[in-house]
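Novice: Sharing a structure, written as structure tokens. Questions coming.
The values are calculated or read from the model by the stated rules, or taken from the named source; none is laboratory data. Everything quoted here is computed from the prediction, not taken from an experiment. Cβ placement follows ideal geometry from the backbone for every residue including glycine, while neighbour counts extend to all protein chains displayed.
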Amino acid sequence: MKIFNIILIISGSLLYPVSLSAKIILSEIMFNPLGNERYNEFIELYNTSASDSVNLDHWLLSDGEKYNNILPSSGSTVLQPLQYAVVLVPNYYENSSEYENTIPESALKLTINSSLFGSYGLANDREETVSIYTPDSTIVASWTYNVPNPEGISEEKRIPGQGDDESNWGHSLVEGGTPGYKNSITPEEYDIAINNESFRMEPENPGYGDTGFISINVKNAGMTVLYDVSVVCAYQTAGAEFFCLIGDTIKIPCIDAFKSEQVKITWPDIPSGVFILKLAAFHPLDRNPDNNLCLYEIITGYPERALIINEIMYNPLPDMPEWVELYNPGTFTVNLKNWKISDKDTANAVILCDTSVFINPYEFIIITRDSAIYSQLDPGAMVFINKNLPSLNNDMDGVTIFDGVHTIIEQLLYEQGWGGAKGKSLERINPGIAGNRKNNWGTSVGASGHTAGFQNSIFTTVLPAKTSLTISPDPFSPDGDGHDDLTAIQYTLDTHTAYLNIRIFDIQGRQVRFLINNEPGGSKGTIFWDGLDDEGLTCRMGIYIILLEAENHERQKIDRVQDTVVLAKNL
């Protein structure tokens, strides 16, 4: 009997030489499967040889306590070159279909001579060492798996040709594992990748016109050295369709397997706005294009006064909200994403909006806290509602706007004496003149008390040389026939804003009508007289004197002008 055992061991050594056994590896272990714990465990083997087959008949598997003989599940036990084998318990096919649509036809299907792997199956709550031996008990491969694993997640070998150290094993990326085919964590032979986490932009938040410096690591994630790797960088304006290249294509001469090379790109004269930055690496042999591309959002600064503060309603009518109107005086579109706004206390600025909102050249936008503003606006007005906007005082307060990198674009510090009143907005006279100038602001003379969404009622670019009146028609006949019943009193002032008084006297100097009493006006305007006196009666035919007086905010007279008009009757 002893002689027979010795002969068997010697013959086994000859049948299963070490040179062949070294080509068989443990590739995957499912110790905490989905579904039936008894039947759904599996062990995967792999033949790393590109030319030699290995017969696995009566090879041994062990959990460190008990050995199992490998047997054919159906047919052969010969593992072909570069073929996977899946070892399942004998009664798997009668009791489970967990891997019915998973194990490929190309895989070798094997089983064991016991109803369970090892002594009581593969443990889920403690580490066990799974080993594979030739029939003569020569150990071929061994791996002590770590616990716990999520249910249905196997332990996979990363690189088949490398050893069984801990760094070469990891959790499967696929629920149910990868029985019978390439492991989910095994690298491709050729795989170029962009390393997202290595991306750097200096400065992190570039201002308008800055030069930016971009760096990122390009990795050879495959198992074979790659030559002549190409990298391109481009940007896309938010909302646009096409990308614009930044510089030329960069060539990396060589990247060894699992090594990285840093790429540096200069981005000169950075434009303003919100951009998608695209970095992509290319190689003709690449087998995994999913990791070749990275996209980053970049927010850059704007030049001063890219948007201006154009109108403020700081003292609204009851049940109406405060609001601020911004205006784009430039020639390019402004994206409000990540912009901020504050009152005089700039330390408490709030994010205006966290999404892309585009303000085209020469467009207005009204910023408010409450949708009640819609009842006062033309349907075409652009409105953005932010419930966190700061409240504005009626005196000694301000508005500051910051761009997407939180640089101040414009700041206005106003006083009540600049203009504005209950239900009347404070309007900017000329967008081209600096905001923080008292003489560039005044009370709205619009019929609604404001001009939200449209050109300001007191807007002017060039002041007339002197104050003047123009009256037409002259004569006029207020007899109700629909012809020349009104006369238009057109005025021009040599100042941007003023408080106006218009009184009408007869030829003997007696006041017959106080037409306009201390009302705010812009540098020009039109007032109509219907020929009635203060009692509502039609004045007699004759010559009447029209007197216009303009006062500043301190109620000091700054100008006085008069003209005449003839009130007649049709013959």
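Novice: Would it be correct to say that Lys219 is out of contact with any Cys (no Cβ under 7 Å at 6 or more places or on another chain) and loosely packed, with under 15 Cβ neighbours inside 10 Å?
Specialist: no
To keep it simple, each residue is scored yes or no on (1) surrounded by 13 or more Cβ atoms within 10 Å (Cβ to Cβ); (2) at pLDDT 95 or above.
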| site | (1), (2) |
| --- | --- |
| Met1 | no, no |
| Leu15 | yes, no |
| Val18 | no, no |
| Pro33 | yes, yes |
| Leu56 | yes, yes |
| Glu65 | no, no |
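Novice: Could you pull out the residue among Ile159, Ile153, Ile132, Ile139 that is touching a His at 6+ places or on another chain (Cβ under 6 Å) and assigned by TED's automatic domain parsing to the domain that holds Ser49?
Specialist: Ile153
Novice: Give Asn146, Asn217 a once-over and let me know the one that is outside the structural domain of His406 (by TED's automatic domain parsing) and modelled with pLDDT under 95.
Specialist: Within the list Asn146, Asn217, the selection yields Asn146.
Novice: Would you be able to say whether some residue in the range 493-515 is within 23 Å of Arg428 (Cα to Cα), touching a Ser or Thr at 6+ places or on another chain (Cβ under 6 Å) and β-branched (Val, Ile, Thr)?
Specialist: Checked the range 493-515: no residue is within 23 Å of Arg428 (Cα to Cα), touching a Ser or Thr at 6+ places or on another chain (Cβ under 6 Å) and β-branched (Val, Ile, Thr).
Novice: Among residues belonging to the range 422-471 that are at pLDDT 90 or above and closer than 30 Å to Asn570 by Cβ, point out the one that is surrounded by the fewest Cβ atoms within 10 Å (Cβ to Cβ).
Specialist: Here the residue is Thr470.
Novice: Another question, if that's okay. Regarding the range 97-109, can at least one residue be identified that is in a loop (DSSP other than H, G, I, E, B), under 23 Å from Gly161 (Cβ atoms) and at pLDDT below 95?
Specialist: No, the range 97-109 contains no residue that is in a loop (DSSP other than H, G, I, E, B), under 23 Å from Gly161 (Cβ atoms) and at pLDDT below 95.
So that you can scan it fast, the table gives a plain yes or no per residue for (1) at negative phi; (2) out of contact with any helix residue (DSSP H, G or I) (no Cβ under 9 Å at 6 or more places or on another chain); (3) of a type in the set (Val, Ile, Thr):
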residue	(1), (2), (3)
Gly209	no, yes, no
Ile216	yes, yes, yes
Met223	yes, yes, no
Gln236	yes, yes, no
Cys254	yes, yes, no
Ser260	yes, yes, no
Ser272	yes, yes, no
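Novice: Would you check if Ala85 is among the aliphatic types (A, V, I, L, M) and either surrounded by fewer than 15 Cβ atoms within 10 Å (Cβ to Cβ) or under 49 Å from the mean Cα position of the chain (by Cα) (or both)?
Specialist: So Ala85 passes the test.
Novice: How many residues, within the range 334-369, are within 23 Å of Asp397 (Cα to Cα), of a type in the set (Asp, Glu) and surrounded by fewer than 16 Cβ atoms within 10 Å (Cβ to Cβ)?
Specialist: 1
Novice: Scanning for something under 60 Å from the mean Cα position of the chain (by Cα), surrounded by 17 or more Cβ atoms within 10 Å (Cβ to Cβ) and outside any loop (DSSP other than H, G, I, E, B), does the range 504-513 turn up at least one residue?
Specialist: No: zero hits.
Novice: Considering every residue within the range 486-497, establish whether at least one is over 16 Å from Ser523 (Cα atoms), assigned to a loop (DSSP other than H, G, I, E, B) and not polar (S, T, N, Q).
Specialist: Yes, the range 486-497 contains at least one residue that is over 16 Å from Ser523 (Cα atoms), assigned to a loop (DSSP other than H, G, I, E, B) and not polar (S, T, N, Q).
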